[in-house]
Every structure is written in structure tokens, then in C-alpha cells.
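Rule-based calculations on the coordinates, nothing more; no lab input. A quick note: this is a predicted structure, and the numbers were derived from the prediction, not measured. Quick reminder, even Gly has a Cβ in these numbers, built from the backbone with ideal geometry, and neighbours come from all protein chains shown.
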Amino acid sequence: MVDLVLESVIKCPNCGHEKKEIMPTDACQYFYECEFCHRLLKPKPGDCCVFCSFGTVACPPIQQGSGCCDPGQ
């Protein structure tokens, strides 16, 4: 059993704003709007969610080793 880390700090690549967020455990979060500059973030190519692309901690499905939860990949 893997101890999941559910808090991740997302850093906006547009303005550099950082915010601690709680990650969902049942799905990947594909979109995230920066509360400072309002840029809509999407995962980088090859990543399944915004936490894997811009966060300090990978999303729970990746932490568990179950892989990406994006059905399109």
C-alpha cells in the first residue's frame, strides 16, 4: 500500500504564482485556472494532469503506479 500525498503546489508557468491544492483521488485534473493571471493550464504533452505538469507532487494515480487515468492515452 502506497501512502498518497494529496497536497501539491501548482506553479503557473505564465506568471509564477504558486498555490497549494488538494488533488482529487478518483480522477486526474486536466484543467486548472491560475487564480492570479487566470490562464487556463492544461497538461504538458505526455503528462496526464496539471499536477504532473506543474505541481510539486505527481497525481495519486501516478503515485500508486496505476498510470495515467486519461482514457485518451
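Observations, loosely collected:
- Taking the fewest neighbouring Cβ atoms within 10 Å as the starting point, the ordered list for Val57, Val50, Val5 is Val5, Val57, Val50.
- Straight-distance candidates among the aspartates and glutamates for linking to Lys19, with alpha-carbon spacing under 19 Å and chain neighbours fewer than 8 residues away dropped: Glu7, Glu33, Glu35.
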